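The values are calculated or read from the model by the stated rules, or taken from the named source; none is laboratory data. Computed from a predicted structure; not experimentally measured. Cβ: placed from backbone, ideal geometry, glycine included. Neighbour counts: every protein chain shown. Accessible surface areas use protein heavy atoms only, side chains included; no ligands, DNA or RNA. Shrake-Rupley method; radii C 1.70, N 1.55, O 1.52, S 1.80 Å.
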Amino acid sequence: GTRDRHPKVSLHVPAYAEPHEVVIATQDALARLRYPNFEVLVIDNNTEDPGLWRPVETHSRRLGERFRFFHVAPLPGAKAGALNFALRQTAPDAELVGVVDSDYQAEPDFLERLVGYFDDPKMGFVQTPHDYRGWQDSLYQRMCYWEYRRFFETTMVSFNEWDAAITVGTMCVIRRKALEEAGGWAEWCLTEDSELAVRIHALGYSGVYLTTTFGRGLIPETFEGYKR
């Protein structure tokens, strides 16, 4: 069905020392979203090499006024710090905040399929699976892929049954009011994404986990990267 109301979504893309081709592909995917009312904030925190972030800044301008780029250094708090910074820059009329990791290419229907859940004023967030591209040709990455899958197809589904869904840091949409009431992202916490969900539930909001993939990222190419 068609919607008569399209609440504004502010999409936050935290980036740190990523190859610019990867972040630009993420931006291009977001530019193709079939949703009429959103903005994209790319927050590059603490990347030292301007060769990595300058092309992303230039590309943001090319994509038009709905895209904004910030290079912030020094910025404490790692990813949570970048997301809190983005929250302070968010358009005043944005009702929802989405988080998309800088290597994730969102599907064109990502927002149009999710905003309807927020018609319920008690809905605090909607989380979709982590999923990946380009893993099929490496035995190591295939093993990682199935390891990740098990969590998303069992644990996350079970949490959802008990209205205890959690946010997991990318490909999620959060009610801005809930995010702000909960105090934003916890900069002290390594798993700031899931910790936030606990505080949002504590405020009386629900969360939902969907099993449909709406975007795919990259699996770290080495075990060192995976461990990190």
Hey, among the residues in region 167-178 that are in contact with a His (Cβ under 9 Å, 6 or more places away or on another chain) and not hydroxyl-bearing (Ser, Thr, Tyr), which one's surrounded by the most Cβ atoms within 10 Å (Cβ to Cβ)?
-> Met171
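Can you confirm whether Glu65 is free of Cβ contacts under 8 Å to residues at least 60 places away in the same chain, open to solvent by 50 Å² or more (accessible area, probe 1.4 Å) and under 26 Å from Leu190 (Cα atoms)?
Details: free of Cβ contacts under 8 Å to residues at least 60 places away in the same chain: yes; open to solvent by 50 Å² or more (accessible area, probe 1.4 Å): yes; under 26 Å from Leu190 (Cα atoms): no.
No, not satisfied.
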If we scan region 136-148, do we find a residue that is crowded, with 17+ Cβ neighbours inside 10 Å, under 13 Å from Gly207 (Cα atoms) and of a type in the set (A, V, I, L, M, F, W, C)?
-> no
Take region 76-94 and flag every residue that is open to solvent by 20 Å² or more (accessible area, probe 1.4 Å), in contact (Cβ under 8 Å) with a residue 12 or more places away in the chain and not in a helix (DSSP H, G or I).
-> Pro76, Gly77, Asp93
Out of Glu161, Glu221, Glu153, sole residue that is under 22 Å from Glu21 (Cβ atoms), open to solvent by 80 Å² or more (accessible area, probe 1.4 Å) and modelled with pLDDT under 95 | Glu221
Within the bounds of region 113-127, is there any residue that is under 12 Å from the mean Cα position of the chain (by Cα) and among the aliphatic types (A, V, I, L, M)?
-> yes
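Give me a count of the residues in region 1-59 that are outside any strand (DSSP E or B), of a type outside the set (Phe, Trp, Tyr), within 25 Å of Arg175 (Cβ to Cβ) and touching a residue at least 40 places away in the same chain (Cβ under 8 Å). Can you show your working first?
Kept after step one, since they are outside any strand (DSSP E or B), are these residues of region 1-59: 1-8, 16-37, 46-59.
Cutting the leftovers down to of a type outside the set (Phe, Trp, Tyr) gives us 1-8, 17-34, 36-37, 46-52, 54-59.
This time we only want the ones that are within 25 Å of Arg175 (Cβ to Cβ), so: 1-8, 26-27, 29-34, 36-37.
Okay, now just the ones that are also touching a residue at least 40 places away in the same chain (Cβ under 8 Å), so 3, 6-8, 26-27, 29-30, 32-34.
Residues that pass the stated criteria total 11.
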Take region 64-77 and flag every residue that is over 16 Å from Ser102 (Cα atoms) and modelled with pLDDT of 95 or more.
-> Gly64, Glu65, Arg66
Under 6 Å between Cβ atoms, at least 6 apart or on separate chains: pull out the pairs that start in region 106-127 with a residue that is more than 20 Å from Val157 (Cβ to Cβ) and open to solvent by less than 70 Å² (accessible area, probe 1.4 Å) and end on any residue that is assigned to a helix (DSSP H, G or I) and among the small types (Gly, Ala, Ser).
-> Ala106/Ala29
With the first residue restricted to region 152-171 and required to be of a type in the set (Asp, Glu), and the second required to be open to solvent by 50 Å² or more (accessible area, probe 1.4 Å), Cβ contacts under 7 Å at 6 or more apart or on different chains are none
